[in-house]
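What follows is a short report on a single structure.
The values are calculated or read from the model by the stated rules, or taken from the named source; none is laboratory data. If you're wondering where the values come from, they're calculated on a predicted model, not measured in any experiment. Note that each Cβ is placed from the backbone with ideal geometry, even for glycine, and that neighbours are counted across all protein chains shown. Heavy atoms of the whole protein, side chains included, go into the accessibility calculation; ligands, DNA and RNA do not. Shrake-Rupley method; radii C 1.70, N 1.55, O 1.52, S 1.80 Å.
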Amino acid sequence: MNNRTYKRQQQPSRLAGALAPLILAATLLELGSPHASAQPPDHYAAEKAQSYLAQGLAELESGELSAAQSSFNSAIQILKVNDGLFSTEQIAPVERLLWAHMQAGNWKELDTNIGYYTWLLERIEKSTLASQLAIAKGMRNLYLEASAHPENATPARYLSAALRTNWQALNFIEANVGANAPQLLPWLYDGLLLQFLESRLKNRRGLTNHTFKTDGSEFVSGWSLSQRESQRANYAIGVSLLDRIEAAEEATILDFAPHEQSPRRKRLATTLAVYRGDWEAVNGNEEEASTFYNEAGSLLGWDVVPLTTQLPRPTFSLLPLSSSLATPMPGTAPAVGMERDNSRDAWAASYRDVPLSVVQALTRK
Amino acid sequence: MTTLQAQLKSSFTSDSVARKIPLRLSCLLLSSILLVGCGSSLNKTTSRLPNDAEVAQYNASVEPEERIVCRDEIPVGSNVPRRVCRYIKDIETTSQFHRDQLRRVLR
């Protein structure tokens with residue numbers, strides 16, 4: 001071995017010798033730091049998963065999003081190690097992790113974790129209609145909030161996903177309990193509210209093209225709808241949803257009285273006329289709205305149709321019977337024609353004139 | 001019970017296995033698309049093209065390449081708009097064909 005080779009071999013050990021005091025100092029500093037007690041998570045301590053989850057929830061609540069992500073990731077890792085890769089116990093921390101990423105505006109991580117979440121959901125062996133719909137509602141809420149995030153450059157993509165999730169839930173209910181099942185009603189009306197949100201989205205880029213509807217990157221000529229076509233479709237979908245609400249409500253009426261003598265049918269017809277009027281009003285069709293409101297008034301002999309101050313109404317419910325209509329409905333004020341209160345609590349800057357009450361109704365548990 | 005999870009997967013990913021289209025809707029769409037292709041040779045009184053809500057609901061339940069788009073088009077020689085539904089993949093294939101033809105002619 002010549003001298004040169006020997007020197008070269010000696011260099012790493014000299015380097016290590018020089019670095020050793022530095023490493024020691026760094027270790028001592030670390031031990032003296034406030035985080036000294038933060039040990040790496042023991043992935044075999046199954047009982048710690050719940051405490052990490054609770055810690056993450058507290059951090060999420062207080063807006064410490066990075067810390068929350070770290071806590072949820074630790075909980076997930078422990079559950080993977082102890083309960084298996086396919087363990088559905090991971091669903092709760094993964095759900096919260098999605099919200100932490102969404103609130104932090106980590107869109108790439110959000111999409112990656114959504115993929116993992118849906119993969120996990122397919123491992124659920126036993127479920128009920130209610131539990132599956134709760135999952136769908138959770139996803140819809142997540143997409144909806146993501147679409148309103150101030151740092152989201154592609155809100156249309158997430159709003160499309162929220163709409164799609166609502167349609168999937170409707171498909172699911174129809175397939176399992178029937179095309180006119182009462183369980184459809186809230187989802188049908190939520191669909192109408194989502195259409196309203198779609199019509200109020202400011203940054204509509206990609207809303208009606210192939211890319212955001214499919215998550216594909218390819219451009220398909222002829223797929224994108226024009227602004228006019230998309231507005232017409234939005235309005236038409238709302239009308240169809242009201243038709244379906246009417247059909248589903250009709251199916252629940254079990255009395256066999258003739259149509260004009262049935263109080264329930266009369267109440268339904270009146271209610272639908274008011275909701276149809278509302279839909280026309282939010283779409284700027286004042287004349288058609290008045291026609292529907294007049295129809296509702298004539299059905300029950302009202303002089304003044306009780307209009308709500310905020311349109312659309314947050315939920316669908318049959319309007320009270322005529323005897324109690326002398327007073328305005330809760331949260332509403334009687335008004336003539338289309339006069340409405342302009343005081344609206346705006347939901348998000350990405351949407352134009354969306355009352356907070358609409359989104360609260362959509363995201364309710 | 002039909003799983004909703006499989007449907008949810010298609011919201012953001014496109015690599016999932018083919019989902020089951022509700023039979024009623026799939027029959028409706030299939031017959032509608034066939035009728036568009038066959039023109040007047042079939043009995044039109046029994047056909048109805050899906051409306052916008054049905055299209056949206058159908059598209060939410062299938063793979064991206066199986067999605068359809070319906071719009072009102074005014075055919076040549078007429079002023080009466082006609083509703084036409086096409087598969088997105090067919091629109092893309094036709095577009096690609098026309099682009100290729102144009103490129104070949106201009107070369």
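Between A:Leu356 and A:Asp111, with labels modelled 7 Å along Cα→Cβ, what's the label distance in nm to one decimal, could you check?
3.2
With the solvent-accessible surface defined on protein heavy atoms using a 1.4 Å probe, which residues belonging to the stretch B:49-67 display a reduction of at least 20 Å² in accessible area in the multichain context relative to the isolated chain?
Hits at the 20 Å² cut-off: B:Asp52, B:Ala53, B:Ala56, B:Gln57, B:Ala60, B:Pro64, B:Arg67.
Going by Cα centres, the stretch A:132-149 and the stretch A:66-126 are how many Å apart?
That distance is 15 Å.
Rg/Rh for the stretch A:42-140: what does it come to with C-alpha atoms and Rh from Kirkwood?
With Rh from the inverse mean 1/r over Cα pairs, Rg/Rh is 0.96.
Stretched out fully, how many nm does the piece from A:Thr291 to A:Ser317 gain, at 0.36 nm a residue minus the Cα gap?
7.3 nm
Among B:93-99, A:269-275, A:65-71, A:351-357, how do they line up from the highest to the lowest mean number of other beta-carbon atoms within 10 Å?
Answer by packing, highest mean first, reads A:269-275, A:65-71, A:351-357, B:93-99.
Tell me the accessible surface of B:Val105 in square angstrom (1.4 angstrom probe, heavy atoms of protein chains only), to the nearest ten.
Surface open to solvent at B:Val105 totals about 110 Å².
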